[in-house]
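The next block holds one structure in the form of structure tokens; read it before the comments.
Taken together, the values in this text are just the output of simple stated rules run on the coordinates, not laboratory data. Since the structure is predicted, the reported quantities are computational estimates derived from the model, not experimental observations. Here the Cβ positions follow ideal geometry from the backbone for every residue, glycine too, while neighbour counts run over all protein chains shown.
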Amino acid sequence: MKMSDTRQIAATPDEVYAALLSPEVLKACVPGAQEVTGSPEDGFEATVVQKVGPVKATFKGAVTLSDMVPGQSLTITGEGKGGAAGFAKGGAAVSMAPSDGGTALSYDVEAKVGGKLAQLGSRIIDGFARKMADQFFSNLQETLEGPADPAEPGEEAPEAQKKSWLKRVTGKA
């Protein structure tokens, strides 16, 4: 299963790149992520709980980053085993380019499944994989830009949220 898309994100390419290297951000962005630990250099260990059709499974797996060009591109590769449910593996080639008001983030994703999951049929699997990829990049966009809704009185404004995130990840606002 393959898919591609492009998103406009209101953040610089360097901010988007830094977000993709942060285990905190990955945990917030990967749908169903229970735990993400590790580093970009050594790879990440992840625990993700997902329901695909009638099959619910806890996947434990590894995520590695390669072909890393700061602020421009990287490749994310992951593989997870879900016990009796089977396995899932795939990767995404991600590129970032400056655009009006931020970054044009493009991605090409390829995913494969096996075991009970593969028995669900390609229509269910393809739809689920598209939903997961779209949700991941939507979550990434929201993490970088702040919520789409205007801040309620007394809540932190999206710009303040963005700066606090940047400060945690990069140590500077």
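Values computed for the structure shown
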quantity	calculated
Cβ-Cβ FRET estimate between Arg7 and Ala28, R0 fixed at 22 Å, reported to 0.05	0.85
Spin-label pair Glu142/Ala97, simplified geometry with 7 Å Cα→Cβ offset, distance in nm	2.8
Euclidean distance between Cα centres, segment 51-72 to segment 16-32, Å	11
Global form of segment 1-59, assessed from the alpha-carbon gyration tensor, a/c cut-off 1.5	oblate
Chain lengthening between Asp134 and Val69 when straightened (0.36 nm per residue, less Cα-Cα)	21.1 nm
Relative contact order (percent, whole number), segment 1-139, Cα cutoff 8 Å, 6+ residue spacing	27
